[in-house]
1. May I ask you to list pairs of residues, at least six apart or on different chains, whose Cβ atoms are under 8 Å apart, with the first in region 163-177 being farther than 14 Å from Ala70 by Cβ and the second being of a type in the set (Lys, Arg)?
2. State all residues of region 511-538 that are open to solvent by 40 Å² or more (accessible area, probe 1.4 Å), free of Cβ contacts under 8 Å to residues at least 40 places away in the same chain and either in contact with a Phe, Trp or Tyr (Cβ under 7 Å, 6 or more places away or on another chain) or in a loop (DSSP other than H, G, I, E, B) (or both); if no residue qualifies, say none.
3. Of Ser199, Ser192, which residue is open to solvent by less than 10 Å² (accessible area, probe 1.4 Å) and of a type in the set (S, T, N, Q)?
4. Please verify whether Ser445 is surrounded by fewer than 18 Cβ atoms within 10 Å (Cβ to Cβ), modelled with pLDDT of 90 or more, under 30 Å from Thr494 (Cα atoms) and polar (S, T, N, Q), treating the condition exactly as stated.
5. Please determine, by comparing only the residues of region 535-557 that are modelled with pLDDT under 95 and small (Gly, Ala, Ser), which one is farthest from Gln518 (Cα to Cα).
6. Any residue in region 306-316 that is at negative phi, touching a residue at least 60 places away in the same chain (Cβ under 8 Å) and part of a helix (DSSP H, G or I)?
7. Residue check: is Glu122 open to solvent by 10 Å² or more (accessible area, probe 1.4 Å) and free of Cβ contacts under 8 Å to residues at least 12 places away in the same chain?
Amino acid sequence: MFATEKKWVMKEQGDYSSVMQLSQALNTPYTLANLMVQRGILTPADAANFFQPSLDNLHDPFLMKGMNAAVDRISSAVSRKERILVYGDYDVDGTTAVAMIYSFLREFTPEVLYYIPDRYREGYGVSFEGLDYAVANNCKLVITLDCGIKAVEKVKYAQSKGLDVIICDHHYPGEEIPRATAVLDPKQPGCSYPYKELSGCGVGFKLMQAYSRIHGIPFSRITHYLDLVAVSIASDIVPITGENRIMAHFGLKQLNSSPRTGLREIIKESDIRKELAVEDVVFKLGPRINAAGRMENGSKAVDLLISEDPRVAAEISREISSFNNERRTVDRIITTEALRMISDDPRSPNAKTTVLYNPEWRKGVIGIVASRLIELYYRPTVILTESNGFATGSARSVQGYDLYQAIEACGDLLENFGGHMFAAGLTLKKENVDRFRERFEEYVSRTITEDQLIPQVLIDSPVNFSDITGDFYYGLTLFQPFGPENMSPVFVTTGVRDTGNSRMVGASGEHLKLEILQDGNETSPLQAIAFGQANHFEYIHSGKPFDICFSVEMNEFRGNRNLQLNVKDIKTHTG
């Protein structure tokens, strides 16, 4: 099924009387008050908490199960001058967490090393090789970040080698929790921590917060690490609610005013010349930091993030950007090959899943390829390659479908797997690939709904063009930072017409630059951009009415700023 048509889904609107009360109390337009009610903001006090985030509202870190034991063990390691290994995953969340905890501990002891596993040789999570590195370097304590919650056997191995382990993770645990010195994971059974959606770096920040409290270190001494936390929150696509919203808010402020040396250089390399928002981290900073682990080794990203020398940081930043350019090339080649495999497969037109295996594909980019395929063939997707004699890969899901559960149902065919509802990693014997493909297709076919196989555009509310003003846009900006569970609002407007000035743009004329009016609204035309929707040009240019759903943004070009609609989808009036 080639995904072209999108289903427009209107979110439940706020209760009219609640919206009106809030609108009047805050003297704000009805549409903006409706957005608040949809997000659970029902009173002026709720609004104050939401729109004026405060670090005072972060939870007590000692509410997290295992925190006392973790702080005690680190404290004894520091006082005894024991060597500590800070171990993290090779993606953005892991490398930011390692850079943060390594830098923090170095303030109190020189006996700190860090380790990032090699994606290709060691794979995801805690590795025997990494633990052997700790032993060889006379470490007594290993702190894992963004990994370890399923490392039951690895923790036993570590202990047999005289290593204590503190696990800091945010992924779902397996049936057995590792018997480490301390396990910090708000998703583990018996953990009463009030906020469950922290990033791996966020869990590390709570550890740092707890250690600081016990040792009388002022909180202001750790807030300068929030730029790293914000990068992890944005890049790991965790919900931007609760504590994540607070930390992302202040972290973005720091990214824009005084980022650490390494982040400042990667921002320069990304050529971002405006105030950074979450999407800039997701699409510009994150991919560059990730590229180190995808194309070489994630330790290069940590080298950048801990660097205090601008010249060294600039050199590493250029190197990481070149990795990112290489990653893009490899990504394009593999995507083209994957699309050919799908089109050549006679089962594909009726399939509810995509499972592709090619032992030659680069392991570091197959997750990106899975996401790209979902843009075209909207169905749960698994992309596999060969690594260390096994088939290993990444899986991505569609809106509303629990991918983790589907993979778990095939667990007897897998060597290991991990992840969450929308993304997962898995490893299996090469001879099991065909059986996995069949079982995964069978399970998904039985459990997925037809609606889940249609890409959706979630719409917050209708709006008239006459309501879209500079003040309205300013009101929208107050909802930032945007991200999962607090996405940039999407609106729908019906009865829209071209002024006659719309045109196709882009290298291949694949995009539309629109100048449009709404029937019955006496307002100036609005500018809009519609990426990848040039197929509608002839209809639009004919002057017939159409409907659009869109977000509102500020376009900056050559020093000029103007409101612009970013069109998510177009529906023509074809009768």
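1. Hits for this filter: Leu163/Lys140; His170/Lys187; His171/Lys150; His171/Lys187; Tyr172/Lys187; Pro173/Lys150; Pro173/Lys187; Gly174/Lys150.
2. Across region 511-538, the qualifying residues are His511, Asp519, Gly520, Ser524, Pro525, Phe531, Gly532.
3. Numbers: Ser192 fails: open to solvent by less than 10 Å² (accessible area, probe 1.4 Å).
Among Ser199, Ser192, only Ser199 is open to solvent by less than 10 Å² (accessible area, probe 1.4 Å) and of a type in the set (S, T, N, Q).
4. Values: surrounded by fewer than 18 Cβ atoms within 10 Å (Cβ to Cβ): yes; modelled with pLDDT of 90 or more: yes; under 30 Å from Thr494 (Cα atoms): no; polar (S, T, N, Q): yes.
When the stated conditions are applied, Ser445 does not pass them.
5. The qualifying residue farthest from Gln518 (Cα to Cα) is Ser542.
6. Step one: filter region 306-316 for residues at negative phi, giving 306-316.
When the remaining residues are screened for being touching a residue at least 60 places away in the same chain (Cβ under 8 Å), the result is 306.
Adding the requirement that they be part of a helix (DSSP H, G or I) leaves 306.
Yes: region 306-316 contains one or more residues that are at negative phi, touching a residue at least 60 places away in the same chain (Cβ under 8 Å) and part of a helix (DSSP H, G or I).
7. On the way: open to solvent by 10 Å² or more (accessible area, probe 1.4 Å): yes; free of Cβ contacts under 8 Å to residues at least 12 places away in the same chain: yes.
The answer is yes for Glu122.
Here is a yes/no grid of residues against (1) open to solvent by 10 Å² or more (accessible area, probe 1.4 Å); (2) in contact with a His (Cβ under 8 Å, 6 or more places away or on another chain); (3) β-branched (Val, Ile, Thr):
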residue: Ala97; (1), (2), (3): no, no, no
residue: Tyr114; (1), (2), (3): yes, no, no
residue: Val126; (1), (2), (3): yes, no, yes
residue: Gly162; (1), (2), (3): yes, no, no
residue: Val165; (1), (2), (3): no, no, yes
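The values are calculated or read from the model by the stated rules, or taken from the named source; none is laboratory data. All figures in this text were calculated on a predicted structure; none of them were measured in a lab. Cβ sites come from the backbone with ideal geometry, for glycine too, and all protein chains shown count toward neighbours. Accessible surface is based on the protein model in full, side chains and every heavy atom, while ligands, DNA and RNA are left aside. Shrake-Rupley method; radii C 1.70, N 1.55, O 1.52, S 1.80 Å.
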